[in-house]
Each structure stands twice: as structure tokens, then as C-alpha cells.
Amino acid sequence: IALQESIAAGEAWIHACRKMLDATSKRWRSSKHEQLDVDESIFNEIDGFVKHRCVNLIEVCKGQMQFGFKPNTAKVELNPDFETKAANKHVGLDDDADNANENAPSIFEGMLPCFGGSKGSEIESQLLDIQRGFKSKMDMLRHLNYDILDVKATRWSDDFRVLKADLDNLGTVMTQIIQSAFDSVVTVEAGAELLEDFFYLAKREELIQAVDRRKDGVIRIFVDELKWVQGELGRYYEKVPPVHESHPKFAGKAIWARTFRHRIEHNYRLLSRCTYLTDTGEKLEAMSLYSKVERQIDEYVNRQYNEWVAQLPEDPSVLLDIFLVTREEQDNGVATLRLNFSTELLTMFLSLIHI
């Protein structure tokens, strides 16, 4: 901010001086009838400070923002109100990205996020190597034997050129880390977490673009999963799906379908809470396909319910009129007692438990 204010102040000063010189030149011509010679070199120092030195230092500050992150050693507590709203609100994938970003807590600002998965520690180690490399460059900058704000110090141009090349190299290494991290992503959850983590880390334009190129790949994983669920529903539409042996026939089919519903809904919520996702063709396809699969699952469950209702006895209370225990004579003449509770009622009650 101080550098931006310095640039604004320098430009305002130059503008005011030029305006004053123009007015003086006009008055000189009108009174002396001759051209006033103005030495434009008086602006060289301030112009060089504003257009070059301050702009260069802003690049250094951006490098600090990008590569000067700190390890996340302390536990960060989220706002409970945000957690509750995020858990309860079914945010659509087409929600405005700006509104989503306003609601997202800036918990990773200047801090290295915690990376999960089998490669999490490796990613964190590689990013800390970048941070240490950047810190060494900053240490060299601090020990320069001249004032970096002095525009007469011409050695700054060479030092900054070397520094900028080093920053570009660090950016290239970080881009490779982003690409390598996403190459191993096979689930929506892992992809959504990486999108959020690298979104908060990326400040330089090339890194933002590197993350941006990966968001469609995460949505494609979700789309592929939706298509797989569609295929499973079609495959077992007229057949008995692999249900647990303790589940009744119709309720077991409904539970099997609802398992898919919970699975895709979980991934949908993950993507909905991913503040980085914006409108893309892949996203619109995912939205449309999710709604379609959701309706198919509901139709399948309703179909099982209707078929279950259709096979129920007209008056189930009749089954309660039978004796609960009966006496049976064995071949050897020994009488035994047998439980005579209706198996139809047992099946019906079991189905009601799972509905």
C-alpha cells in the first residue's frame, strides 16, 4: 500500500509540475513573446522512482505474498457460524463466485495450508523448499551495500533482474508441484481440497492459471461418477442389485439406491462449497447431470415403495389373529412348541424400519 501511495503521490506531483510549467510557458509567451525553454530532466529522478523503482519493489512484495508463506503449526479455529451455514446450506454450483469468496474465511492468508492424502507431506515439503529458497533471495536483498530507494544506484537494475529471474524459476517449480499434485487425484474430495488449498496460495498470474486449468478435471471426475451411477441404476433396473442379506427385498433395493444418492450428494456439496469454481461448460454439464441422476434415484426408490405397497395383504390385521405359538407332534411322539408369528408381518415390519 505504501508503494502504491508513493506511485500515486509521484504521479500527482509530476502532473502538478507539468501543469504549472504549461501555465508558466503560456504566460511567458504572452508577456515576452518568446518560447520558454523548460528542462524536462528535472522529472527524470522522480519519474524513474515512480515508474521503475516502486514498480520493481511491488514485484518484490508480490513475491513475498506468493512465496513467503509460513508452515501451519498452529490450529486455526473456523468461525462456528460459517461452519454451520456451510453444512446446512445446499449451495448450488452456479452460485456467484464473488459471493462465495466473501463468505469463505481467509484462514490460509500467508499460511501454508494442510495438505491431505498420501502426497500431502511431500507437497508441503516441496513448498517449504520454495519458501526457503525465496528467503535466501530476500536475505541477499537485505544485505545490498546501497539504498534500494536511491534511484541513482544503478546497480539495482542488475540485482533486480537476477531476483526477477529467480522468482520466475520459483514460480515454474511451484507450477510443476501443482501439476504433480493434481495428477494423482482420483476422487472429487481430494480434487476439491487441492483446488481450495492452491487457490489460497496462488497469487501470481501463472500460478492462478495453473490452478484454473485443473478445475475442469475435478468436475470431470464428478461427471464420470454420475455416469457410473446412471449405468448401475440401468443395469439393475429389472434385476436384484447386490443388497445385504439381512435387508428385505424392496427396502434393500431402496437402500442400495439411496447409497448412491448419499455418495453423489456428498461430492456435490464438496464442489458447492469450493469457492474457486466458476461457470464453465463442464460445471453446467455436472449441474444438469446431477439433477437428472437425482431424479432417477428418487424414481427408483418410489418404484420400489409402490411395488412393496402393492404386494401387501389387503388387511394385515388378519395376520394378528393367528396363534403365536402352536403345538406340533414329532414322528417320535414328542410334542414341541413352534413360534407361529406371521413371516409376512416380520418382513413388513423390517421393511418399515428401513423406509
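Taking every Cα-Cα distance in the stretch 188-241 and sorting them into 5 Å bins starting at zero, the pair-distance distribution P(r) comes out as 4, 18, 19, 15, 11, 9, 8, 6, 5, 3, 1 percent.
Taking the average, over residues, of other Cβ atoms within 10 Å as the packing measure, peptides 117-124, 139-146, 306-313 rank 117-124, 306-313, 139-146 from highest down.
For GLN296, the shell of other residues with beta-carbons less than 13 Å away shows a net charge of +3, using +1 for Lys and Arg and -1 for Asp and Glu.
Taken over the C-alpha atoms, the stretch 242-303 has Rg and Dmax values of 14.6, 45 angstrom. What separates the Cα centres of the stretch 185-240 and the stretch 159-178 is a distance of 29 Å. Taking amide H positions as modeled 1.01 Å from N, with prolines and chain starts lacking one, the residues under 5 Å from MET111 and 5 or more places away or on another chain are LYS70.
What is the calculated FRET efficiency for SER184 to GLN330, with r their C-beta to C-beta distance and R₀ = 51 Å, to the nearest 0.05?
On the way: r = 66 Å, r/R0 = 1.30.
Efficiency for this residue pair is about 0.15.
For the stretch 219-274, the Stokes-Einstein estimate of translational diffusion at 20 °C and a viscosity of 1.002 mPa s comes to 174 µm²/s, using the Kirkwood hydrodynamic radius over alpha-carbon pairs.
Taking only protein heavy atoms and a 1.4 Å probe, what accessible area per residue, in Å², does the stretch 258-299 have with all protein chains in place? Working shown, then result.
Numbers: 2130 Å² over 42 residues.
Ligands and nucleic acids excluded, the figure is 51 Å² per residue.
The chymotrypsin sites (Phe, Trp or Tyr not before Pro) of the stretch 162-268 that DSSP puts in a loop, and whose beta carbon has at most 16 other beta carbons within 10 Å, are TYR236, TYR237.
Once you have the Kirkwood Rh of the stretch 230-353 from its Cα pairs, apply Stokes-Einstein at 4 °C and 1.567 mPa s and quote D in µm²/s. Before the final figure, lay out each step's value.
Details: Rh = 18.3 Å.
Calculated translational D: 71 µm²/s.
Here the Karplus curve 6.51 cos²θ - 1.76 cosθ + 1.60, taken at θ = phi - 60°, turns the phi angles of the stretch 302-310 into couplings of 4, 5, 5, 5, 5, 5, 5, 5, 5 Hz, with x standing for Gly and Pro. For the stretch 100-227, the number of Lys pairs separated by eight or more positions or lying on different chains, with C-alpha atoms closer than 30 Å, is 17.
Starting from the Kirkwood radius over alpha-carbon pairs of the stretch 108-205, derive D by Stokes-Einstein at 25 °C in a medium of 0.890 mPa s and give it in µm² s⁻¹.
Details: Rh = 15.4 Å.
So the translational diffusion coefficient is about 159 µm²/s.
The values are calculated or read from the model by the stated rules, or taken from the named source; none is laboratory data. The structure displayed is predicted, hence computed values, not measured ones. Ideal geometry is used to build each Cβ from the backbone, glycine not excepted, and the neighbour counts take in all protein chains shown. To get the accessible areas, we keep the full protein, side chains included, count just its heavy atoms, and leave off ligands, DNA and RNA. Shrake-Rupley method; radii C 1.70, N 1.55, O 1.52, S 1.80 Å.
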